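Please read the structure below before turning to the comments.
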């Protein structure tokens with residue numbers, strides 16, 4: 001499958017053509033169905049994109065800052081190009097990435113819900129550990145009491161790690177993915193019957 005640019009992680013703007021101040025994400029199609037998932041029986045405007053096409057668009061957009069102007073250009077075969085084809089391809093791409101964004105919103109919401117729930121559980125568990133440690137401190141000091149107290153301290157704070165991770169680090173990759181999907185949805189999409197030279 002040819003997407004117009006060698007999909008190697010070189011990460012430089014020199015790989016992409018620029019037009020009207022926008023870098024072009026170019027896809028050359030030998031036939032219209034090439035961009036769609038062949039296992040998806042839905043109509044054109046509702047079909048999933050081919051995984052390779054999705055990955056290429058997503059990874060290319062992800063290489064650049066969110067505010068960098070980009071444009072998707074699809075070169076369709078002249079024999080299959082008409083106004084309906086242009087509308088179909090634009091709608092299919094926007095529908096696909098809109099759906100991906102919805103899934104990402106759900107993923108983020110579930111992650112934060114889990115983080116809040118686990119944070120409440122961890123706080124209660126830590127409180128109980130500290131309470132038991134306080135009770136042990138009223139007893140006669142011994143090696144066993146000290147080991148038990150130290151163990152409870154460690155376990156109590158370890159229980160806090162998962163919710164702390166969610167709120168410090170876990171949410172950011174999902175938000176970044178959502179921002180890329182949002183950018184793709186808002187990007188200009190051009191369909192042309194003239195293959196780039």
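Observations, loosely collected:
- Qualifying residue in region 170-183 (condition: over 14 Å from the mean Cα position of the chain (by Cα), farther than 30 Å from residue 136 by Cα and in a helix (DSSP H, G or I)): no
- Qualifying residue in region 93-109 (condition: in the same structural domain as residue 80 (by TED's automatic domain parsing) and in contact with a strand residue (DSSP E or B) (Cβ under 7 Å, 6 or more places away or on another chain)): yes
- Scanning region 72-100 for residues that are assigned to a loop (DSSP other than H, G, I, E, B), farther than 24 Å from residue 21 by Cα and touching a residue at least 60 places away in the same chain (Cβ under 8 Å) gives 77, 81.
- Yes/no for residue 140 being in a helix (DSSP H, G or I), modelled with pLDDT under 90 and loosely packed, with under 13 Cβ neighbours inside 10 Å: no
- Filtering region 61-68 for residues that are part of a helix (DSSP H, G or I) and out of contact with any strand residue (DSSP E or B) (no Cβ under 7 Å at 6 or more places or on another chain) leaves a non-empty set.
- Total residues in region 172-181, condition surrounded by fewer than 16 Cβ atoms within 10 Å (Cβ to Cβ) and in contact with a helix residue (DSSP H, G or I) (Cβ under 9 Å, 6 or more places away or on another chain): 2
- Test: residue in region 68-85 that is touching a helix residue (DSSP H, G or I) at 6+ places or on another chain (Cβ under 9 Å), outside the structural domain of residue 148 (by TED's automatic domain parsing), closer than 24 Å to residue 172 by Cβ and exposed (fewer than 14 other Cβ atoms within 10 Å of the Cβ): yes
The values are calculated or read from the model by the stated rules, or taken from the named source; none is laboratory data. Given the structure is predicted, the values throughout are model-derived calculations rather than measurements. Here the Cβ is made from the backbone with ideal geometry for all residues, glycine too, and neighbour counts use every protein chain on show.
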